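Step one of this worksheet: look at the structure below.
The values are calculated or read from the model by the stated rules, or taken from the named source; none is laboratory data. As the structure is a prediction and not an experimental result, all values here were calculated from the model. No Cβ is skipped: glycine too gets one built from the backbone with ideal geometry, and neighbour counts run over all protein chains shown. To get the accessible areas, we keep the full protein, side chains included, count just its heavy atoms, and leave off ligands, DNA and RNA. Shrake-Rupley method; radii C 1.70, N 1.55, O 1.52, S 1.80 Å.
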Amino acid sequence: MLRFIFTFLFISLAPHAQVTEQPKTPELSQAPIEAYTSLPLVSQVDLSPNGTHLAFVQNYQGTLVLNITNLKTQETLPVLKSDNKEVTLNWYDWANNNTLIVAAGYTQRQRLLKYHSTQLFKFDLNGTKKLENLLPTRNRNVSNAAQFRDNVISMLPDDPKHILVAVDFDTVNRPTVFKVNVDTKRRERILRPRRNISDWIADRQGNVRIGYKLKDTTISYILYDRDKNSLHNKPLYQFDVFSPERVTILGFGQDGDTLYIKANHEGKKALFKTKVSQPQNRELIFSDPDYDVDGTILYSQITGKVNGFSHSNTEGSRIYWDEEYKSLQTALSSALPNAHNVIIDKSQDGDTYVLYSSSNTDSGTYYLGQRKAQSLYLFAPQHPEIQDATYLGKQRHSYKARDGLSIEGYLTLPPGDRSNSVPYPTIILPHGGPMARDYADFDYWSELFASRGYAVFQPNFRGSYGYGYEFAQAAMGAWGEAMQNDLQDAAHYLIGQKIANKDQICVGGGSYGGYAAVMAVVKHPETFKCAASFAGVMDLESVVSRARYYTNREVVEKQFGDDDDKLENNSPINNIAAIKRPILLIHGEDDKVVPVSHSRRMYDDLLDAKKAVHYIELESGNHHLSYQAHRHTTLTAFLSFFDTHLKAK
């Protein structure tokens with residue numbers, strides 16, 4: 001693979017040199033469905049600290065293989081295979097120039113019980129060149145087997161032989177911090193578990209400094225005093241989980257006292273700098289009057305210092321303070337103009353780097369660059385068949401809800417000339433969450449449907465994340481209400497803009513989006529002709545009831561509310577009689593987020609009531625369509641369903 005892609009494209013980064021962006025061609029080319037339903041060809045590209053090796057995941061017809069490639073010899077070593085069903089690759093990172101730390105998830109079976117666990121491994125280029133368990137428990141003094149073992153709280157950048165891992169080997173749900181030698185696999189207990197502390201935060205020097213505590217709906221960040229081996233009595237920060245006073249700790253500065261946080265500023269999340277010694281004194285670093293700051297701080301691979309931050313609503317989604325990174329970003333903008341260019345990794349000497357670039361003709365491509373040689377080589381596109389004329393991209397739109405609230409969304413149109421202004425069959429595609437949001441970048445759902453002739457609109461309805469505290473709070477205890485009406489208002493907007501044919505509009509989505517799709521034909525059947533749900537919530541009361549078995553019970557109860565009548569009335573399962581439109585239900589058998597019983601019960605009740613319904617259950621399927629075959633089955637079924645009810649004569 002590397003031999004092919006290295007000879008594919010060369011771009012000079014010499015002054016004034018650039019690649020001319022090619023306009024979209026007018027012909028209506030169409031990629032096969034598999035181009036959209038396949039997982040990315042290449043993902044998670046990670047450069048070794050010395051820049052000699054590259055780790056990346058490659059998709060071989062649905063089997064994901066973590067590879068390490070020597071950039072000089074182009075020799076490639078396979079590290080781990082994953083199908084995203086029985087085995088999932090969670091993350092990986094370089095501990096040093098030769099050792100890659102790998103976190104993987106596994107489906108475990110114990111009699112009739114099936115559950116998920118995680119493990120931590122190492123792969124040593126100078127050792128066995130095999131995946132080795134980094135946290136073995138055999139013949140160890142371990143009180144608890146620990147279901148999840150991949151919580152690395154520090155890669156210890158100044159100590160290449162060790163990492164810090166928080167794992168509950170001593171007490172269930174209370175992690176102990178261990179210092180683990182990545183060569184010998186020996187571990188030293190650094191910090192024993194503390195009551196109610198579910199996670200730990202370390203500074204850049206690898207000192208455990210802050211404990212994270214969630215009790216009922218109250219979050220506390222509590223300083224740890226290493227000299228006294230105790231937690232401070234007064235929390236550093238304490239707030240209700242849904243409070244405007246919420247603080248998110250992003251990381252420490254190099255001095256061990258500076259702390260970077262996100263907190264509320266004039267109704268939006270903003271980036272602040274503060275001191276551990278004076279946590280209430282905050283210096284505003286950056287705020288966006290229109291959006292919450294949705295990124296994090298960035299550390300220089302060269303100096304180890306904070307050198308900027310990320311935020312989607314900025315050019316390149318990065319703002320750097322470091323002159324070296326600024327100059328590189330400027331050169332990249334010149335070489336790849338009109339593109340979203342993100343430096344995702346860099347060697348410690350600053351010479352070799354990895355670039356991820358996307359634009360309105362590029363669904364996403366990785367490049368490898370050399371600063372001294374002023375060169376940039378194409379490494380691999382994520383979706384090679386969805387480029388140029390086959391990549392449709394998104395347009396940002398804003399519309400008014402019935403109460404006057406401004407709602408933002410993204411529109412993807414079919415290929416071709418819009419000059420005839422003939423309205424399209426249209427799909428409203430609400431996102432999951434609901435406290436999430438859609439962005440302008442590549443989306444395989446909207447791209448597939450639009451490529452087949454549909455206008456696709458993804459509204460960031462009230463309750464979505466990113467538009468400020470009050471906007472997000474509209475989701476609290478309000479499923480099926482105003483946020484539901486926002487979908488109908490989106491349809492009316494598209495009709496008014498002569499984009500949507502008023503007689504050809506359906507709605508579909510996953511998770512919360514699946515719930516909203518079914519509720520759309522409950523509340524607004526005059527607007528929506530059909531509804532397709534993947535892993536949708538069908539019974540709000542059962543969500544709240546099931547939460548009593550988990551540690552976040554109070555959070556769930558606060559999010560959904562305790563009004564049983566409202567929960568009942570706004571649950572699709574209790575509105576079978578009102579459903580007059582055809583429904584498609586798809587659900588993964590092993591969904592741990594929304595149990596499959598939601599769709600099973602909904603299907604049975606619709607069938608008993610002689611409603612038009614079709615149900616597909618994905619064997620061993622999860623909540624995220626991460627298994628490629630399940631993704632293909634789901635999107636193919638959605639497309640066929642929409643074709644039947646929107647295009648059939």
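Here Q205 meets each of (1) at pLDDT below 95; (2) within 16 Å of F252 (Cα to Cα); (3) open to solvent by less than 80 Å² (accessible area, probe 1.4 Å); (4) not acidic (D, E) with one exception, condition (3).
Which residue is most open to solvent (accessible area, probe 1.4 Å), if the candidates are limited to the stretch 336-361 and must be more than 18 Å from I297 (Cα to Cα) and of a type in the set (D, E)? Looking at the filtered set, the residue picked out is D349. Check the stretch 451-466 and report whether any residue there is surrounded by fewer than 24 Cβ atoms within 10 Å (Cβ to Cβ) and over 27 Å from L646 (Cβ atoms). Among the residues of the stretch 451-466, at least one is surrounded by fewer than 24 Cβ atoms within 10 Å (Cβ to Cβ) and over 27 Å from L646 (Cβ atoms), which makes the answer yes.
Would you confirm whether any residue within the stretch 496-504 is farther than 26 Å from P32 by Cα, assigned to a strand (DSSP E or B), open to solvent by 30 Å² or more (accessible area, probe 1.4 Å) and not polar (S, T, N, Q)? The answer is yes, given that some residue of the stretch 496-504 is farther than 26 Å from P32 by Cα, assigned to a strand (DSSP E or B), open to solvent by 30 Å² or more (accessible area, probe 1.4 Å) and not polar (S, T, N, Q).
Looking across the stretch 306-335 at every residue that is assigned to a strand (DSSP E or B) and either open to solvent by less than 40 Å² (accessible area, probe 1.4 Å) or among the charged types (D, E, K, R) (or both), the one that is modelled with the lowest pLDDT is identified as R318.
Looking at the stretch 262-278, can you tell me whether even one residue there is at pLDDT 95 or above, over 27 Å from the mean Cα position of the chain (by Cα) and buried (at least 19 other Cβ atoms within 10 Å of the Cβ)? Yes, there is a match, as at least one residue in the stretch 262-278 is at pLDDT 95 or above, over 27 Å from the mean Cα position of the chain (by Cα) and buried (at least 19 other Cβ atoms within 10 Å of the Cβ). D199 meets the conditions (1) within 24 Å of T88 (Cα to Cα); (2) surrounded by 17 or more Cβ atoms within 10 Å (Cβ to Cβ); (3) at pLDDT 95 or above in every case but one. The failed one is (2).
Among the residues of the stretch 469-495, those identified as hydrophobic (A, V, I, L, M, F, W, C) and either in contact with an Asp or Glu (Cβ under 8 Å, 6 or more places away or on another chain) or open to solvent by 10 Å² or more (accessible area, probe 1.4 Å) (or both) are F471, A472, A474, M476, A478, W479, A482, I495.
For every residue, the table says whether it meets (1) buried (at least 20 other Cβ atoms within 10 Å of the Cβ); (2) in contact with a Pro (Cβ under 9 Å, 6 or more places away or on another chain); (3) over 20 Å from L368 (Cα atoms).
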site: I68; (1), (2), (3): yes, yes, no
site: E75; (1), (2), (3): no, no, no
site: T88; (1), (2), (3): yes, no, yes
site: W91; (1), (2), (3): no, no, yes
site: T107; (1), (2), (3): no, no, yes
site: H116; (1), (2), (3): no, no, yes
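Applying the criterion of being assigned to a strand (DSSP E or B) and open to solvent by 40 Å² or more (accessible area, probe 1.4 Å) to the residues of the stretch 33-60, the residue that is farthest from V354 (Cα to Cα) is Y60. Among residues that are surrounded by fewer than 17 Cβ atoms within 10 Å (Cβ to Cβ), under 30 Å from D158 (Cβ atoms), among the polar types (S, T, N, Q) and touching a residue at least 40 places away in the same chain (Cβ under 8 Å), T296 is included.
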